[in-house]
Structures are given as structure tokens and as C-alpha cells.
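In what follows, a single structure is set out as C-alpha cells and then discussed.
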Amino acid sequence: MGELVPGQYLPRKIEDCPVDAHSLLALCAPHPLLMNGGTRNSWTDPYGQYLTTLYATPVYELLGVNGIIMPDDKPKIDVGYISGGLAFRYHEGGHTDAPEWPTFFEFAAKHFDVPILAPSTASLILGSNANSSATLTISAIDVAPRTITVTQSEGTPTLRVSAESLNINAVAASTASMWVISNTTWNLESSELWLTASSDSGSGFISGEENPNPTVRKARISVMVKGLSPHV
């Protein structure tokens, strides 16, 4: 379409315009509409834009809604006039609508049933049956989800054994067993080389070598749990 030179790509005489700006704006009635501009915007005339909203107002009122509501003699810079169905704001600057976005959101909230976003102070209450870890994903519309890793601290270790003493025969490979109940890992240690201790699925097993002596011999089996004193 070629280069657009400010002031040269539209007719400069009102009689050459097929429809005046306020007439075009009136066709939007009764829908809410905000006009904006800048003091150094060479593409538009901010005061003329305001007059467009002023002269389109009767059509809005004819359809039962307010047009522009202007309490000042002339629009002031950086002031949003958003009380009516037609709104206007212009800023100190050039051809950009960025300064008007906060005003636009405030204006739109008056005409649409949308939630007002505000910082949330809600609390999440997490429950768990045992110490472990989990991943919590928080998601919202049009926002990348956030992932939180929740790690629960360890509980107090517990330990119970089914026997305080065990007896085995004098022959080689004599064995005995006991139950070990704990909420964490455990292991067995023997105080003597002739007696071995092992564990499997909650049970402790001991196995002795042949006793060549005519006297009874004894050994200590320690059940070891991290955080607790050894159970002997």
C-alpha cells in the first residue's frame, strides 16, 4: 500500500470524507468504546478524537446508555474519562496505546462481568499418611503451571523384636529366627565370628557353627536402626 505519511493518506477536507468520524463512532452504539491518543502523535488529533466521542454521545443516549461523561471543560492529559459508555484518555507522548492499558482494563471491568485479579493469600493444606515426597502442580488459565516439590520430614524411628533370647543346637548350621518390626531399614550384627546373622522381609535369622566345646557359649545379636540405640 506504500508509505503512509502523516496527514497525507486521508482526505484533508471534511467535504471529501464519505462519513465524518463521529458518525462512524456512533455506529458502534451502544457498545462500550474507549478512544485514546498522545500529545505528540502526528497520526491523530487527540482533541478531535474527544470531539468525536462528544458528538457520538446523542446516539448512545438514544439507545439508553451514557456516552462520554466529561466533568472538565477540556480533557486533561493522563486522566481517564471512563464513567460513560464512551471513554477517552490521552497521554503525554507519541503514537502508542501502552499508557492507556490500565485505564482500558478499568473501563472494561465496568461493562463486563469479569473477576478482578488480586494477590491471593489462600493457604494450601496438605495431608499425608506417611513420610514421603510428592509433586504438586498449580495451574491457571493462560499461565504456565508451577510445580512444587513437597518433601515430608522423617518420623520417629520405631523398633520391636519378637524375642529377647534365642537358643540353637550344638551341631553345625543350627538356626533360629525372630520377627523384627520397624518403620525404617534395619540390619543385624553378631558379636562372635561363630554366629552369623542375616535379615529378610521382616525376619532375622541366626546360624551357628558347630560347638566343639563341652560348655555353653553365648553371643550378642544387635538390631541396628538409624536414630536408635542398638537393640541387643
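The values are calculated or read from the model by the stated rules, or taken from the named source; none is laboratory data. Predicted model only: the values in this text are computed from it and were never measured. FYI the Cβ positions are ideal-geometry reconstructions off the backbone, even for glycines, and counts take in every protein chain you see.
Quick notes
- Residues in the stretch 69-87 that are more than 16 Å from Glu106 (Cβ to Cβ) and either surrounded by 14 or more Cβ atoms within 10 Å (Cβ to Cβ) or touching a residue at least 12 places away in the same chain (Cβ under 8 Å) (or both) were compared, and the one that is farthest from the chain's Cα centre (by Cα) is Lys74.
- Within the stretch 31-56, being part of a loop (DSSP other than H, G, I, E, B) and over 20 Å from Gly85 (Cβ atoms) holds for Thr39, Arg40, Asn41, Ser42, Trp43, Thr44, Asp45.
- Considering the conditions (1) over 16 Å from Gly48 (Cβ atoms); (2) not in a loop (DSSP other than H, G, I, E, B), Asp73 is excluded by exactly one of them, (2).
- Test result for Gly64, in the same structural domain as Leu24 (by TED's automatic domain parsing), in contact (Cβ under 8 Å) with a residue 12 or more places away in the chain and more than 40 Å from the chain's Cα centre (by Cα): yes
- Residue satisfying all of: in the stretch 139-172; in contact with a strand residue (DSSP E or B) (Cβ under 8 Å, 6 or more places away or on another chain) and of a type in the set (A, V, I, L, M, F, W, C); farthest from Asn211 (Cα to Cα) among these: Ile148
- Annotation note: of Thr137, Thr215, Thr147, the sole residue that is without any contact (Cβ under 8 Å) to a residue 12 or more places away in the chain, of a type in the set (S, T, N, Q) and assigned to a strand (DSSP E or B) is Thr137.
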